[in-house]
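One structure is given here, and the rest of the page talks about it.
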Amino acid sequence: MSDSQSTYDLRFRKLTNFITYRYSNLESYDMMSTRTICIMLLIVLHISTSLRMGLPLIRSLDAHRLLVPSAELDRLNRRRSELLASVTTSIYQSTSSSYSSDEILSLKFQILQLGSALDRGQSYNPTSGEYYAEKMQFAKSKINELIGKATTFPTALSDMNGEWELALTTVPHGIFRSSPFFLAIQEAFHIAGEPDKALLFFKLHELQTCSWGVSKVGRVAQIINATQDEMISEFDTSIFSLTVIPILGWFKLLPTFGGRVVTVSKAKYIEQDRSLSLEVDYTTSKPVKGLQGLGEFIWSIKVPVGAIWTLLPWNKGRKATATIKIRYCDDNFRVMEDLDGELFVYTRPSFVE
């Protein structure tokens, strides 16, 4: 190695040590200072790797003005410009990515706000009227906007493991439709070529169970257990929450009771279709703290929905299955789509019982 090259290498190491020392002593970083550090270190790394010595940078800090052949200096300056352009592009892309993250957070906030305003979707009911229809369409557009920004999807069922709570759904006629039992009914009608009859079924079910405020749906949740390849769907329901004769009295006529309806299904994640394949096994119930039940006997009843389903003549031996698409999924937000194109938004609960 020549004396001049040895001198250049020594000065280059001094420059690297200066940058490292200068920024290792900062107690705090903001985004811009961190980005500046990355740029400087990246330039040093690129130049040290491709040019072996940081002549352009050393020259700018060298008070003695290094004697470098002009042709070589021109070549190094061109290389420096190329590297700076490359770094600038990388930083711009990083900034664009951070803006995208901010947009996603904003969309999530808007969707959660709309879920609150629409009572998770229950406020809009076409059976009652078209009020809130415009707000529901706006909510659906925001969900679709979030879907359009999806960049990653689960690769296995374990990526969705744990508890999720329903925050908003666009389905008409009952948020209970998130249950695999009702999704299986929907799929059965689709296979039979009569999808409209599924909507009629849900409408009639809602009228029978929710008229006059007889029944109210509370928490709606899904628990995915990848170890057991199963999904547990739950929704809380209370009956006779408010039973008062207006004007004539202010006391409850009937006691409030209810519980948690639990449907257990086998679950399989199909990565190529980005979908969940479900097969309903059984339905049972369990108590909800603070809500009176019908009696201890009710909690021990387990209805073998899967076995009964295949025996019904109109099912022709077909199992109680349902497939639902995953349109968006990250650590705390999941969007599912049913056969009618209706959407279900789930979030990780902040309160876990």
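Give the residue that is modelled with the highest pLDDT, with candidates limited to residues of region 222-249 that are exposed (fewer than 15 other Cβ atoms within 10 Å of the Cβ) and in contact with a Leu (Cβ under 8 Å, 6 or more places away or on another chain). By that ranking, first place goes to D229. Among the residues of this structure, K252 counts as one that is basic (K, R), farther than 18 Å from I298 by Cβ, at pLDDT below 90 and exposed (fewer than 14 other Cβ atoms within 10 Å of the Cβ). Quick check, is K289 basic (K, R), over 16 Å from I232 (Cα atoms), in contact with a helix residue (DSSP H, G or I) (Cβ under 9 Å, 6 or more places away or on another chain) and in a loop (DSSP other than H, G, I, E, B)? Considered against the rule, which asks whether it is basic (K, R), over 16 Å from I232 (Cα atoms), in contact with a helix residue (DSSP H, G or I) (Cβ under 9 Å, 6 or more places away or on another chain) and in a loop (DSSP other than H, G, I, E, B), K289 comes out as no. Of all residues in region 101-120, those being surrounded by 12 or more Cβ atoms within 10 Å (Cβ to Cβ) and within 18 Å of the chain's Cα centre (by Cα) number 12. Might you check whether a residue that is over 24 Å from the mean Cα position of the chain (by Cα) and not hydrophobic (A, V, I, L, M, F, W, C) occurs anywhere in region 263-278? Within region 263-278, not a single residue is over 24 Å from the mean Cα position of the chain (by Cα) and not hydrophobic (A, V, I, L, M, F, W, C).
Among the residues of region 171-195, those that are among the β-branched types (V, I, T) and under 25 Å from G259 (Cα atoms) comprise V171, I175, I185. Could you tell me whether region 190-197 includes any residue that is of a type in the set (V, I, T), loosely packed, with under 15 Cβ neighbours inside 10 Å and part of a helix (DSSP H, G or I)? Yes, region 190-197 contains a residue that is of a type in the set (V, I, T), loosely packed, with under 15 Cβ neighbours inside 10 Å and part of a helix (DSSP H, G or I). Looking at region 249-256, can you tell me whether even one residue there is of a type outside the set (D, E, K, R) and in contact with a helix residue (DSSP H, G or I) (Cβ under 8 Å, 6 or more places away or on another chain)? Among the residues of region 249-256, not one is of a type outside the set (D, E, K, R) and in contact with a helix residue (DSSP H, G or I) (Cβ under 8 Å, 6 or more places away or on another chain), which makes the answer no. Please work out if I324 is of a type in the set (V, I, T), outside any loop (DSSP other than H, G, I, E, B) and in the same structural domain as Q222 (by TED's automatic domain parsing). For I324, the condition - of a type in the set (V, I, T), outside any loop (DSSP other than H, G, I, E, B) and in the same structural domain as Q222 (by TED's automatic domain parsing) - is met.
The rows are residues; the columns are (1) at pLDDT 95 or above; (2) of a type in the set (D, E); (3) part of a helix (DSSP H, G or I).
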| site | (1), (2), (3) |
| --- | --- |
| S123 | no, no, no |
| E130 | no, yes, no |
| S141 | yes, no, yes |
| N144 | yes, no, yes |
| A150 | no, no, no |
| E165 | yes, yes, no |
| H173 | no, no, no |
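The sole residue among F351, F297 that is surrounded by fewer than 16 Cβ atoms within 10 Å (Cβ to Cβ), aromatic (F, W, Y) and within 28 Å of the chain's Cα centre (by Cα) is F351.
The values are calculated or read from the model by the stated rules, or taken from the named source; none is laboratory data. Owing to the predicted nature of the structure, the values given are computational and were not obtained by experimental measurement. For neighbour counting, all protein chains shown are included, and Cβ atoms are generated from backbone atoms with ideal geometry for every residue, glycine included.
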